[in-house]
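First comes the structure, then the notes that go with it.
The values are calculated or read from the model by the stated rules, or taken from the named source; none is laboratory data. As the structure is a prediction and not an experimental result, all values here were calculated from the model. We place every Cβ from the backbone using ideal geometry, glycine too, and count neighbours over all the protein chains shown.
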Amino acid sequence: MLTIKAAREIVREHTPAPWIKERRLLEAGGLYLAERIVAPEPLPGIDNSAMDGYAVALPEDASVDKPIKLKVIGESRAGMHWREPLAAGTAIQISTGAPVPEGADRVIPVEDTTRDDDQVWLKTIGREHDHIRFAGREVQAGDVIAEERVKLTPPVVAWLAGFGIDRVKVFNAPRVSLISTGEELVDINQTLKPGQVRNTNRIFLESLLAEEGLEPAYCRHVPDSLEATSKALDEAVRVSDLVVTVGGVSVGPHDHVKAAAEQVGFRPHFWRVEQKPGKPLYFATRDGTLLFGLPGNPVSVVMTSLVYVYPTLKRLLGAPDPELRTLAGRFDQPVENLDSGRAKLFLVSITGYHHHTAQLLPGGPQQSHMLSTVTNSDGFIIVPGEKTAIEEKDTFTVNLFPWAEIRGTSPQRKRADSG
Ligand code: AMP
Ligand code: MG
């Protein structure tokens, strides 16, 4: 049977490069840039004031020791700026952000002045260049303002918009389809009859996609029948870069996903990985479309989604760092009586940090139907198959859930909060 590493490698080999599309900037939020962008103009575009006050041209003999009175000849404010150069001995009233005219070499903040009709008294003269934001100080024309593969987060979108950039090349969002299988499953808003189960996996997968700003291109629930499964797969593959099925991939007489996939032309790459939970994981491709057949137990779905589907999704999105974030972690107490055999995807919660190492506790009972353990965890470690106990000195790489809160991700922050 394949190891987790080998299986992930196969998935990676078959993951196509993301495709590039030009889009309106305002419709590209959440996607990743497929080009490096340089500034078409400097920022700021012209010298402007950092304060409300007076832009001044001091007389030749100005000094700190004697009071200075200047003639106020006008005003520069938002949208109505003063265009004439200032002669020595004059000033203009100026607002934050308004252009500083030629001849003015500093801005005196309003609180350091006294106004007297068309004159202004300066209480200080400051220093040359005080409170002026010079043109090109933040960025010069031609400077790189966004690297390729930067995510178009709200500030990045605003930053680019500030340069008048209207269209950008981005990695196009992958089209993802979800198919759940199983006669026992019902929609979440239904009252359960004996033996029925709410379709929580579909909700999990839709929510995971939503976190990446994606909606399924095609989403179906099918009964345990070969025809229904084949039909759904065939419909899904036409509109998808990635198809994810849940359930029906094991060895039971009602598990049809593999046969259905092969019937509609998918080429299988692997079935079964040496891992617990999630052993029956299935992976196939048809043309450029990838298919993950996830086993149906809710914890298996979460784990196989995070180990295989999530990094694939991030690669298809063009993310620079598609893997889960990690931290080093250690258990506060030994953990005993682990199963031997397959590698264990072991759920952990982080209780604190000690010398930059996360302190871990098991997230709860590690059984593949117990979603409560996932909700009580911050991530998971991979415990090698042969290892049946964890000792306090053992250090693990903790794979953090993409949704883990700060508690699980920032030792710095945690320390600062606790004083
Ligand atoms: P299967 O992989 O189809 O054999 O399903 C394994 C277990 O997971 C069974 O107990 C199913 O009822 C449960 N299960 C399968 N699919 C879902 C789903 N979409 N939501 C919740 N539970 C599921
Ligand atoms: Mg089933």
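Hey, among Phe380, Phe331, which residue is in contact with an Asp or Glu (Cβ under 8 Å, 6 or more places away or on another chain), of a type in the set (Phe, Trp, Tyr) and touching a residue at least 24 places away in the same chain (Cβ under 8 Å)? Can you show your working first?
Working: Phe380 fails: in contact with an Asp or Glu (Cβ under 8 Å, 6 or more places away or on another chain).
Answer to the check: Phe331.
Among the candidates Lys314, Lys279, which residue alone is surrounded by fewer than 20 Cβ atoms within 10 Å (Cβ to Cβ), modelled with pLDDT of 95 or more and not acidic (Asp, Glu)? Walk me through it before giving the result.
Details: Lys314 fails: surrounded by fewer than 20 Cβ atoms within 10 Å (Cβ to Cβ).
Checking each option against the conditions leaves just Lys279.
Do you know which of the residues in region 344-366 that are assigned to a loop (DSSP other than H, G, I, E, B) and modelled with pLDDT of 95 or more is surrounded by the fewest Cβ atoms within 10 Å (Cβ to Cβ)? Give the derivation first.
To start, the set of residues in region 344-366 that are assigned to a loop (DSSP other than H, G, I, E, B) comprises 355-356, 363-366.
Okay, now just the ones that are also modelled with pLDDT of 95 or more, so 363-366.
On the way: Gly363: 21, Gly364: 16, Pro365: 10, Gln366: 22.
So the residue we want is Pro365.
For region 253-271, which positions are closer than 30 Å to Glu386 by Cα and surrounded by fewer than 17 Cβ atoms within 10 Å (Cβ to Cβ)?
Pro268, Phe270
For region 253-271, enumerate the residues that are away from ligand 1 (no atom under 13 Å from the Cβ) and out of contact with any helix residue (DSSP H, G or I) (no Cβ under 7 Å at 6 or more places or on another chain).
Passing the criteria: Glu262, Gly265, Phe266, Arg267.
Between residues in region 36-62 that are of a type in the set (Asp, Glu) and residues that are outside any loop (DSSP other than H, G, I, E, B) and surrounded by 15 or more Cβ atoms within 10 Å (Cβ to Cβ), which pairs lie under 6 Å by C-beta distance while being six or more apart or on different chains?
Partner pairs satisfying both residue conditions: Asp47/Ile132; Asp52/Val110.
Out of Leu192, Leu205, which single residue is at pLDDT 95 or above, within 13 Å of ligand 1 (Cβ to nearest atom), crowded, with 22+ Cβ neighbours inside 10 Å and not β-branched (Val, Ile, Thr)?
Numbers: Leu192 fails: crowded, with 22+ Cβ neighbours inside 10 Å.
Of Leu192, Leu205, the one residue that is at pLDDT 95 or above, within 13 Å of ligand 1 (Cβ to nearest atom), crowded, with 22+ Cβ neighbours inside 10 Å and not β-branched (Val, Ile, Thr) is Leu205.
Residue under question is Ser250, and the condition is that it be more than 16 Å from ligand 1 (Cβ to nearest atom) and either buried (at least 18 other Cβ atoms within 10 Å of the Cβ) or modelled with pLDDT of 95 or more (or both); does it hold?
Details: more than 16 Å from ligand 1 (Cβ to nearest atom): no; either buried (at least 18 other Cβ atoms within 10 Å of the Cβ) or modelled with pLDDT of 95 or more (or both): yes.
The answer is no for Ser250.
For Val243, all conditions in the list (1) within 16 Å of ligand 1 (Cβ to nearest atom); (2) without any contact (Cβ under 8 Å) to a residue 60 or more places away in the chain hold save one; what is the number of the exception?
(2)
Could you list all residues from region 209-247 that are part of a helix (DSSP H, G or I), crowded, with 17+ Cβ neighbours inside 10 Å and more than 13 Å from ligand 2 (Cβ to nearest atom)? So that I can check it myself, show each step before the final result.
Quick first cut of region 209-247, residues part of a helix (DSSP H, G or I) only: 209-211, 226-238.
Narrowing the set further to residues that are crowded, with 17+ Cβ neighbours inside 10 Å leaves 209, 228-230, 232-233, 236-237.
Result: Leu209, Ser230, Ala232, Leu233, Ala236, Val237.
Out of the residues in region 289-333 that are outside any helix (DSSP H, G or I) and of a type in the set (Ser, Thr, Tyr), state the one that is nearest to Trp403 (Cα to Cα). Walk me through how you get there before you give the answer.
Here is the first cut: in region 289-333, the ones outside any helix (DSSP H, G or I) are 289-297, 318-333.
After this cut, where a residue has to be of a type in the set (Ser, Thr, Tyr) as well, the list is 289, 326.
Details: Thr289: 27, Thr326: 13 Å.
Per the stated criteria, the residue is Thr326.
Could you identify the single residue in Glu386, Glu405, Glu391 that is at pLDDT 55 or above, surrounded by fewer than 16 Cβ atoms within 10 Å (Cβ to Cβ) and within 15 Å of Ala358 (Cβ to Cβ)? Walk me through how you get there before you give the answer.
Values: Glu386 fails: within 15 Å of Ala358 (Cβ to Cβ); Glu391 fails: within 15 Å of Ala358 (Cβ to Cβ).
The match here is Glu405.
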